[in-house]
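So the structure is just underneath, and the comments pick up after that.
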Amino acid sequence: MTYVITHNGTAKVVVQDVTSYEQTQDSLALLKILACSTKNRNEGNFKTAKTAFKDISKRIKDTL
């Protein structure tokens, strides 16, 4: 549940229950991850899944 408190018709305060607040924070975190991922992709800073798994397999084999 979310309440918006106004003063002279202008929003001044927002009051949320804990569940709504946590959902909002989770959504913001996901949007930040998406924005970061998009930026990295656009800048060419990424590996294909095939390459990433190959690198992980190599690291595991090197530690054994």
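The values are calculated or read from the model by the stated rules, or taken from the named source; none is laboratory data. Here the structure is a predicted model, which means the values were calculated and not measured. For neighbour counting, all protein chains shown are included, and Cβ atoms are generated from backbone atoms with ideal geometry for every residue, glycine included.
Report, ordered by the first and then the second residue, all pairs with beta carbons closer than 8 Å, sequence separation of six or more or different chains, a first member in segment 6-20 that is free of Cβ contacts under 8 Å to residues at least 24 places away in the same chain, and a second member that is of a type in the set (D, E, K, R) and part of a strand (DSSP E or B).
Hits for this filter: Thr6/Lys12.
Do we have any residue at all in segment 41-48 that's surrounded by 10 or more Cβ atoms within 10 Å (Cβ to Cβ), out of contact with any helix residue (DSSP H, G or I) (no Cβ under 8 Å at 6 or more places or on another chain) and small (Gly, Ala, Ser)?
No, segment 41-48 has no match at all.
Here is a list: Asp55, Asp26. Which entry is surrounded by 10 or more Cβ atoms within 10 Å (Cβ to Cβ), closer than 30 Å to Val4 by Cα and not basic (Lys, Arg)? Please lay out each step first, then the result.
Values: Asp55 fails: closer than 30 Å to Val4 by Cα.
Going through Asp55, Asp26 in turn, the sole match is Asp26.
Condition first: under 23 Å from the mean Cα position of the chain (by Cα), assigned to a strand (DSSP E or B), at pLDDT 95 or above and not hydroxyl-bearing (Ser, Thr, Tyr). Can you find one or more residues in segment 36-57 that meet it?
Scanning segment 36-57, I find no residue that is under 23 Å from the mean Cα position of the chain (by Cα), assigned to a strand (DSSP E or B), at pLDDT 95 or above and not hydroxyl-bearing (Ser, Thr, Tyr), so the answer is no.
Which pairs do you get when a residue that is free of Cβ contacts under 8 Å to residues at least 24 places away in the same chain, found in segment 35-50, comes within reach of a residue that is outside any helix (DSSP H, G or I), reach meaning Cβ atoms under 9 angstrom, with the pair 6+ apart or on two chains?
Within 9 Å, the pairs are Ser37/Phe46; Lys39/Asn45; Asn40/Phe46.
Here is a list of conditions, (1) surrounded by fewer than 10 Cβ atoms within 10 Å (Cβ to Cβ); (2) touching a helix residue (DSSP H, G or I) at 6+ places or on another chain (Cβ under 6 Å), and Gly9 meets all of them except one; can you say which number that is?
Gly9 satisfies every listed condition except (2).
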